[in-house]
Amino acid sequence: MFRSLHMKLVLIMLLLITSLMAVVGAFLMTSVTNFYIDDFYSQMGETFGESNADFVNSLRAEAAQEGGVAVMQSMLETYSGTLGIDSRSRNYYILDAASGECLAASDELGGENLEQTANLLTARNGQVGDESDIAAGYMDVAIPISGGDNSYIIYIRDNRSTVSSLNSELLIIILQALLVGLLISVLLSFLLSKTMINPIEKLTEGAERVASGDFSEKLEVDSTDEIGILTTTFNDMASVLHSTLEAVEDERNKLDTLFLHMTDGVVAYDRDGALIHCNPAASELLERSADECVYAELFEPLCPFEKVMAMQRSDFVASELTVGERTVELYFAPFSDEERGGVLVVLHDVTQQRKAEERRREFVANVSHELRTPLTNIRSYAETIRDAGDELPRELENNFLDIVINESDRMTHIVQDLLTLSRLDSGRSEMNMARFDFGAAIDSVLRSIELEARRHGHELTHDYHDLPMIMGDRGRIEQVMLNVLGNAVKYTPDGGHIRVTAGAVGERVWMEVADDGIGIPKADRSRIFERFYRVDKARSRESGGTGLGLSIATEIVQRHNGTLSLVDREGPGTTVRLELPIRQSEEGSAQEGGNG
């Protein structure tokens with residue numbers, strides 16, 4: 001309902017009149033109330049103030065006499081006109097100051113229901129009570145009168161009935177004026193809105209025609225005000241828009257096709273095969289300048305030019321081109337059905353995608369191979385136990401079952417390592433970043449591996465001291481250390497030597513694990529951290545390795561902005577070096593802590 005501009009203008013006028021009358025009414029009623037309050041206390045001041053001290057002194061003199069209350073009442077009756085006493089809304093009372101008992105009064109009840117006000121309590125304490133309270137339903141003043149041993153209080157009270165009556169009359173007048181004002185404002189607002197909205201409605205109709213593609217009619221300009229200027233500008237805009245739409249129709253068709261197929265590079269040719277456009281990305285992918293991008297030389301063997309020109313705009317031909325070490329995917333499509341059309345070639349670099357697919361296929365093959373071997377063993381030994389039945393010796397049966405259990409454990413380790421890698425790749429593996437003692441972490445790992453090293457007869461030594469506190473996930477870092485040390489123990493012949501050294505350089509700490517084992521051939525050193533890659537596959541399987549440990553360790557170290565590498569050295573054996581920053585960036589720490 002209020003979405004109409006007519007109704008909005010009417011509503012604004014009604015709210016304006018209502019608000020104005022409400023403010024005026026509140027101001028008038030407050031002013032009337034304040035006037036009566038000020039007039040009341042002004043009258044009291046003239047009667048009992050310093051300007052009329054003789055009257056007050058006369059009251060005090062009579063208060064000291066026997067029967068003084070009657071004389072005081074007579075004196076107050078004399079001043080009843082000045083005090084405004086009317087026995088209906090305003091009355092006087094003569095009270096005993098000690099007991100508060102009403103001794104004389106001008107009202108018919110004789111002060112029977114007189115309440116103890118703040119001014120009255122002030123007067124009983126010997127002071128004049130003349131505080132006004134606009135929120136109270138009455139006006140009062142209390143004057144203490146003392147004479148001899150007698151103390152009285154002259155109390156004047158007005159119940160504001162006159163003010164209330166006047167305010168009621170004012171409210172009725174204001175409501176009547178508001179009603180008349182609302183009627184006038186409704187009529188004026190309808191006239192005003194009609195004057196303003198008619199030109200706007202014409203503009204709306206014209207805009208709808210233009211939106212539907214009809215540019216045949218121009219709007220009439222009926223005024224020279226802002227709406228008239230807007231109408232003139234609209235007519236000019238419609239004329240320019242009509243001309244522009246006709247001029248850019250062919251260009252729009254080309255751009256539509258371009259954005260439909262564009263990935264990285266774009267090359268456009270006209271109907272004669274001449275180059276129209278070649279962006280920098282296309283030049284880089286094709287490894288030649290724009291002038292050298294001739295269709296006949298580059299693309300004719302892959303997709304003949306005439307074949308593309310014969311296609312519909314919605315059709316395209318996909319192909320693939322190898323340029324140096326890059327693999328580029330190509331899309332051929334016509335960019336217009338009109339005579340000025342041509343051929344558009346969109347190029348997309350899929351080198352990394354192809355490499356990723358190859359790595360994925362290799363990864364699936366490795367996983368299948370790793371899982372097939374233990375599954376085959378489990379099946380073979382299980383079938384042997386089943387087929388032999390009770391004829392299989394107990395000891396041999398237990399050996400077969402041990403093999404089944406070991407192969408099951410091996411499969412479990414493979415699955416656990418794969419899950420760990422999956423979490424690390426997807427960023428769901430939470431890193432609990434905190435400061436910890438790097439040296440204490442090494443001590444913990446050495447204690448964990450010491451028993452295994454002794455079982456193989458290895459001599460395990462270490463050399464480090466005063467290592468700093470670092471920021472990182474201690475559990476994950478110890479996992480990396482344990483993997484490196486575990487490999488040194490497993491792949492060093494029994495009775496070997498393993499040495500752990502560590503230190504700090506600048507803002508980084510390092511740890512090296514050196515052994516005198518079989519070492520790693522140069523041909524394998526660059527791939528040692530790849531997933532499922534093992535130098536000696538037979539020995540790795542024999543020791544329960546999955547080929548994923550160093551891959552997991554590398555992922556963890558990279559998440560800590562560190563490095564895990566092989567150190568070139570003379571002689572047999574292998575040295576693995578772990579480097580970590582002492583501090584992690586706040587942004588990196590926040591990201592790691594938020595991953596789950």
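If you take the residues of segment 76-109 that are touching a Ser or Thr at 6+ places or on another chain (Cβ under 6 Å) and small (Gly, Ala, Ser), which of them is nearest to Ile143 (Cα to Cα)? By that ranking, first place goes to Ala97. In the set Leu76, Leu59, Leu120, only one residue is surrounded by 19 or more Cβ atoms within 10 Å (Cβ to Cβ) and in contact with an Asp or Glu (Cβ under 8 Å, 6 or more places away or on another chain); that residue is Leu120. Please work out which residue is surrounded by the most Cβ atoms within 10 Å (Cβ to Cβ), limiting yourself to segment 90-114 and to residues that are touching a Phe, Trp or Tyr at 6+ places or on another chain (Cβ under 9 Å) and assigned to a loop (DSSP other than H, G, I, E, B). Checking each candidate, the answer is Ser106.
Picking from residues in segment 379-397 that are among the acidic types (Asp, Glu) and open to solvent by 60 Å² or more (accessible area, probe 1.4 Å), the one that is farthest from the chain's Cα centre (by Cα) is Glu391.
Considering segment 139-149, and only residues there that are surrounded by 15 or more Cβ atoms within 10 Å (Cβ to Cβ) and either at pLDDT below 85 or within 26 Å of Thr30 (Cα to Cα) (or both), the residue that is nearest to the chain's Cα centre (by Cα) turns out to be Met139.
Residue-by-condition table, conditions (1) more than 24 Å from Met75 (Cα to Cα); (2) assigned to a loop (DSSP other than H, G, I, E, B); (3) among the polar types (S, T, N, Q); (4) out of contact with any strand residue (DSSP E or B) (no Cβ under 8 Å at 6 or more places or on another chain):
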| residue | (1), (2), (3), (4) |
| --- | --- |
| Thr122 | no, no, yes, no |
| Gly137 | yes, yes, no, yes |
| Val141 | no, no, no, no |
| Ile153 | no, no, no, no |
| Leu170 | yes, no, no, yes |
| Ala177 | yes, no, no, yes |
| Leu183 | yes, no, no, yes |
| Phe190 | yes, no, no, yes |
| Glu201 | yes, no, no, yes |
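Using beta carbons and a limit of 7 Å, which pairs, at least six apart or on different chains, have the first residue in segment 435-455 and under 21 Å from Pro581 (Cβ atoms) and outside any helix (DSSP H, G or I) and the second one of a type in the set (D, E, K, R) and open to solvent by 30 Å² or more (accessible area, probe 1.4 Å)? Qualifying pairs under 7 Å: Phe436/Arg474.
Which members of segment 116-133 meet the condition of being touching a residue at least 12 places away in the same chain (Cβ under 8 Å), aliphatic (A, V, I, L, M) and in contact with a Gly (Cβ under 8 Å, 6 or more places away or on another chain)? Passing the criteria: Ala118, Leu120, Ala123. Selection over segment 463-515 of residues that are open to solvent by 60 Å² or more (accessible area, probe 1.4 Å) and in contact with a Gly (Cβ under 6 Å, 6 or more places away or on another chain) gives a count of 1. Does Thr412 satisfy the criteria of being closer than 23 Å to Gly549 by Cβ, among the polar types (S, T, N, Q), at pLDDT below 75 and assigned to a helix (DSSP H, G or I)? So Thr412 fails the test.
In segment 150-199, of all residues being touching a Phe, Trp or Tyr at 6+ places or on another chain (Cβ under 7 Å) and of a type outside the set (Val, Ile, Thr), the one that is surrounded by the fewest Cβ atoms within 10 Å (Cβ to Cβ) corresponds to Asn159. Please state which of the following conditions Gln65 fails to meet, knowing it meets all the rest: (1) at pLDDT 85 or above; (2) assigned to a loop (DSSP other than H, G, I, E, B). With (1) at pLDDT 85 or above; (2) assigned to a loop (DSSP other than H, G, I, E, B) applied to Gln65, the lone miss is (1).
Can we say Thr195 is among the hydroxyl-bearing types (Ser, Thr, Tyr) and either in a helix (DSSP H, G or I) or touching a helix residue (DSSP H, G or I) at 6+ places or on another chain (Cβ under 7 Å) (or both)? Yes; evaluated as a whole, the condition is true for this residue.
The values are calculated or read from the model by the stated rules, or taken from the named source; none is laboratory data. Quick caveat, the model's predicted, so the values are computed rather than measured. Virtual Cβ from ideal backbone geometry, glycine too; neighbours counted across all protein chains shown. Please note that ligands, DNA and RNA were not included when accessible areas were found on the heavy atoms of the full protein model with its side chains. Shrake-Rupley method; radii C 1.70, N 1.55, O 1.52, S 1.80 Å.
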